Amino acid sequence: MSGRLMIRNATLPDGRVGVDLLLQDGRIAAVGAALPAPDGIETLDAAGWLLSPPFVDAHFHMDATLSYGLPRVNASGTLLEGIALWGELKPLLTQEALVERALAYCDWAVARGIGAIRSHVDVCDPRLLAVEALLQVRERVKPYLDLQLVAFPQDGVLRSPGALANLKRALDLGVDVVGGIPHFERTMADGAQSVKLLCELAAERGLRVDMHCDESDDPLSRHVETLAFETQRLGLQGRVTGSHLTSMHSMDNYYVSKLIPLLAEAQLHAVANPLINITLQGRHDSYPRRRGMTRVPELLAAGVNVAFGHDCVLDPWYSGGSGDMLEVASMGLHVAQMTGLAAMRQCFDAVTVNAARVLGLAGYSLEVGARADMVLLQARSPEEAIRLRAARLAVVRGGRIVARGVPATMTLDLPGRPSSVDFTRHPPR
């Protein structure tokens, strides 16, 4: 599904302005100023707006998405009730409904400028209904969306009978990544054992690892330390991700001063899920109430690659969301208090280049030879895109426009005042 397209007068995330890009044969063929256009090629005038590589969601649960209210609503709003509610829902699932909801969400994602999603899929149901459904969805959306699947033992790979065998069956069927949830095993020792077992399985099969790790307010939940150790022992550096890591928010500062260098040394990726972490964590606190999100600025300062994920949209754990990675970046910015210019750009990177690195995406950039995938945003800079939740003016896949939007405007009827509002323009100082 590749096309030929000339994009004129774009602003790039690195600050370059007035840039043209020639897209053909699914790749970026040329980048520069005033590029000559081949005869008959379609042209998109970026009008100075921000052109970015597509958004990447580094952590999602597509098997549960859009199931909010089935069979009931999470009354406490806690992680554990969400897990229990998902357990109630699993026997009622059908493959047809799973596929329908996942495809609907993929439409949302593409319209929001997402080009790739890593989705965890529960393997504790011996029917593997969700696995088979999402494998089908992965093939159907391949022309316009990269969907990477993680074999996720939601109920614990050791705690849930048959989970390890189911996980191996899911990998045999073509699931891409080995997942785990060590803090949900019955004991701390079982959690550590599950990390060792699953990392060994990934090493044997040459696969990546992505663990739900220490998604807890418990400062003694320290399985990411074991994950870093196993990564080093098995030579998995750069291929392992610790997702959530919310216990780090509650850990003693001295211990964290030891832990973060270990993660950096192991070249571990970290994924925070700002919308969900701020919603689910701290539920047992009165006041002061913990924010729960992991230590993003400190991890970045140590050289750890940190990405953000959406995690949930309208499911047993979260009653909101719309597939907007700029909303995710904005929440991350606020929760981590990353309000400086460089820090805001790091939040934009967390839903673009850093997330692409987590997934191991090849050809992800706006340079010559990269994939001709990108999104045009109604903003002049990455930080303005976050501030405005910028409108998506065009989404490009393989050099072909697959989604179009219109600029966001508001007309006013105020005496003696302008008739429209432009949120991208600052008043004179």
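Where does the charge balance sit around D422 when Lys and Arg score +1, Asp and Glu -1, over other residues with C-beta under 14 Å from its C-beta?
Details: positive: R380, R387, R417, R425; negative: E384.
Local net charge: +3.
In whole Å and largest first, what semi-axes does the C-alpha gyration tensor of the stretch 55-359 yield when each eigenvalue is scaled by 5 and square-rooted? If you can, show how the numbers build up before the last one.
Values: eigenvalues 132, 98, 78 Å².
The answer is 26, 22, 20 Å, longest axis first.
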### Message
Can you give the local net charge around S221? Use residues other than it whose beta-carbon is closer than 9 angstrom to its beta-carbon, Lys and Arg +1, Asp and Glu -1.
### Response
-3
### Query
Over the stretch 249-385, what number does the Rg to Rh ratio reach, with both radii from the alpha-carbon atoms and Rh per Kirkwood?
0.98
### Query
Helix 223-234: angle to the longest alpha-carbon principal axis of the chain, degrees 0 to 90, nearest 10?
90 degrees
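Need one word for the stretch 238-329: rounded, prolate or oblate. Basis is the Cα gyration tensor (sqrt eigenvalues a ≥ b ≥ c); a/c below 1.5 gives rounded, then a/b vs b/c decides.
Working: a/c = 2.47, a/b = 1.32, b/c = 1.87.
Judged from the Cα gyration tensor, the stretch 238-329 comes out oblate (a/c at least 1.5, b/c at or above a/b).
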### Summary
If unit charges are put on Cβ atoms (+1 for Lys and Arg, -1 for Asp and Glu) and the dipole of the chain is taken about its Cα centre, the option from V375, P274, S67 lying farthest towards the positive end turns out to be V375
### Task
Could you work out how far the C-alpha centroid of the stretch 157-180 sits from that of the stretch 335-388, in angstrom?
32 Å
### Query
Once the Cα atoms of helix 79-89 and of the chain are each reduced to a long axis, what angle between those two axes, in degrees from 0 to 90 to the nearest 10, is obtained?
90 degrees
### Query
Can you pull the three principal axis extents for the Cα set of the stretch 126-276, in Å, largest first?
48, 35, 32
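Find out how many positive minus negative residues lie around S322, taking Lys and Arg as positive, Asp and Glu as negative, among other residues whose Cβ is under 14 Å from that of S322.
Working: positive: R112, R389, R392; negative: D57, D107, D311, D315, D324, E327.
Taking every other residue near S322 into account, the sum is -3.
Size of the dipole of the chain about the Cα centre, Lys and Arg at +1 and Asp and Glu at -1 on the beta carbon, nothing else charged, in debye to 20? Don't skip to the end; give the middle numbers.
Numbers: 42 positive and 47 negative charges, 134 e Å.
It works out to roughly 640 debye.
Using only the Cα atoms of the stretch 311-429, construct the convex hull and provide its projected area averaged over every direction, in square nanometres to one decimal.
Numbers: hull surface 43.6 nm².
For the stretch 311-429, averaging the hull's shadow over all directions gives 10.9 nm².
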### Set of the stretch 89-114 residues, backbone N closer than 17 Å to the point 7 Å along the Cα-Cβ line of R127
89-102
### Task
Please report the Cα spread of the stretch 307-347 along all three principal axes, rounded to whole Å, starting with the longest.
34, 15, 14
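Each value in this text was obtained by applying a stated rule to the coordinates, not by laboratory testing. Remember, predicted model here, so these are calculated numbers, not experimental data. Ideal geometry is used to build each Cβ from the backbone, glycine not excepted, and the neighbour counts take in all protein chains shown.
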